[in-house]
1. For the stretch 223-233, name all the residues that are open to solvent by 80 Å² or more (accessible area, probe 1.4 Å) and not aliphatic (A, V, I, L, M).
2. Please specify each residue of the stretch 29-54 satisfying the condition of being outside any helix (DSSP H, G or I), under 15 Å from Pro142 (Cβ atoms) and touching a residue at least 60 places away in the same chain (Cβ under 8 Å).
3. I'd like to know if the stretch 141-158 contains one or more residues that are over 16 Å from the mean Cα position of the chain (by Cα), in contact (Cβ under 8 Å) with a residue 60 or more places away in the chain, buried (at least 22 other Cβ atoms within 10 Å of the Cβ) and in a loop (DSSP other than H, G, I, E, B).
4. Report yes if Ser160 is farther than 28 Å from Ser109 by Cα and of a type outside the set (A, V, I, L, M, F, W, C), otherwise no.
5. Considering only residues that are under 21 Å from Leu149 (Cβ atoms), open to solvent by 20 Å² or more (accessible area, probe 1.4 Å) and of a type outside the set (Val, Ile, Thr), which ones fall in the stretch 258-276?
6. Could you check how many residues of the stretch 234-257 are open to solvent by 90 Å² or more (accessible area, probe 1.4 Å) and of a type outside the set (D, E, K, R)?
7. Check Lys212, Lys195 and return the single one that is in contact (Cβ under 8 Å) with a residue 24 or more places away in the chain and either basic (Lys, Arg) or open to solvent by 50 Å² or more (accessible area, probe 1.4 Å) (or both).
Amino acid sequence: MLVVNSVPELKSAIISWKKQGFQIGFCPTMGALHSGHMDLVDTSKSKSLKTIVSIFINPTQFNDPKDFEKYPKTTESDLKLCETMGVDLVFLPTVETMYPPETTPIQMSIPKLQETLCGKTRPGHFEGVLLIVSKLFHLVEPDFAFFGLKDYQQYRIICSLVEQLNFPLEVIGVPTKRENDGLAMSSRNMRLSEKERETSSLIPRMFSLAKKIIGGGEKNIPILIEILKDFLLTGQNVKIDYLEFVHPENLQTLDVLLEESILAVAIFVGNVRLIDNQMIQLSPPVIK
């Protein structure tokens with residue numbers, strides 16, 4: 001496995017692989033890797049001959065400097081995990097590499113897709129995501145890029161970025177990997193205390209409750225939101241950032257449930273912010 005820090009080293013490997021006709025799969029990460037990230041790697045390896053993982057904690061997507069400072073840094077174990085999983089190259093740049101101090105920052109946004117959910121409660125977050133992902137796509141030149149669907153809004157925004165700017169690649173969403181109790185795997189989970197980790201299981205239980213209530217005939221969104229918020233607030237030291245039903249493509253807040261709607265949530269358990277989402281279907285999918 002190659003581990004490179006500089007753009008020339010990265011480009012040298014990519015040029016060599018492309019000359020040989022290898023398709024490249026790319027998994028951008030901020031490190032603190034877990035088996036959910038490895039699902040991205042597995043999916044990449046199934047579709048491409050070479051897999052690149054980037055590890056870069058991107059400062060421009062943190063609207064809270066304290067959150068950036070607290071983000072877990074586990075580079076040594078991350079590299080071991082990547083090697084075990086058969087990653088071909090890890091790109092490990094510095095902040096100065098990605099954001100040369102002499103340059104004037106570019107600001108990017110897709111306003112319609114950023115009006116709701118994390119875009120509403122974390123100003124500047126997706127501007128930072130769009131900028132770093134654009135830079136990485138230009139550097140890596142992947143054929144496929146893999147993103148976890150836990151960050152569903154991010155996934156939809158990046159799909160739009162690729163479509164509108166004609167990046168020659170395919171964005172592939174990978175289903176959320178979950179713990180035994182249903183909690184979505186996240187690098188932030190390691191910051192939870194034992195008690196907070198127990199409280200965080202309210203999120204998957206809330207999704208189960210929503211499906212049960214909707215299946216029982218309740219379709220009124222304000223009533224559903226009130227019931228589900230009350231359920232989440234039974235947890236100790238829980239603060240709700242948002243809980244919304246949104247359109248699965250344009251991410252606009254819904255007044256009426258669709259055949260397929262996204263129920264998205266962000267809560268603070270103590271000082272740790274957790275996000276998740278589920279597709280809510282009014283009729284069961286047809287099994288072919």
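The values are calculated or read from the model by the stated rules, or taken from the named source; none is laboratory data. A quick note: this is a predicted structure, and the numbers were derived from the prediction, not measured. So basically every Cβ, Gly included, is an ideal-geometry build from the backbone, and we count neighbours across all protein chains shown. Accessible surface areas use protein heavy atoms only, side chains included; no ligands, DNA or RNA. Shrake-Rupley method; radii C 1.70, N 1.55, O 1.52, S 1.80 Å.
1. Once the filter is applied, which keeps residues that are open to solvent by 80 Å² or more (accessible area, probe 1.4 Å) and not aliphatic (A, V, I, L, M), the stretch 223-233 yields Glu226, Asp230.
2. Result: Ser48, Ile52, Ser54.
3. Among the residues of the stretch 141-158, at least one is over 16 Å from the mean Cα position of the chain (by Cα), in contact (Cβ under 8 Å) with a residue 60 or more places away in the chain, buried (at least 22 other Cβ atoms within 10 Å of the Cβ) and in a loop (DSSP other than H, G, I, E, B), which makes the answer yes.
4. So Ser160 fails the test.
5. Leu258, Glu259, Glu260, Arg273
6. 4
7. From the options Lys212, Lys195, the qualifying one is Lys195.
Condition check ((1) under 17 Å from Lys135 (Cβ atoms); (2) surrounded by fewer than 17 Cβ atoms within 10 Å (Cβ to Cβ)) across all residues:
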{"site": "Met30", "(1), (2)": "yes, no"}
{"site": "His34", "(1), (2)": "no, no"}
{"site": "Thr51", "(1), (2)": "no, no"}
{"site": "Asn58", "(1), (2)": "yes, no"}
{"site": "Glu96", "(1), (2)": "yes, yes"}
{"site": "Pro105", "(1), (2)": "yes, yes"}
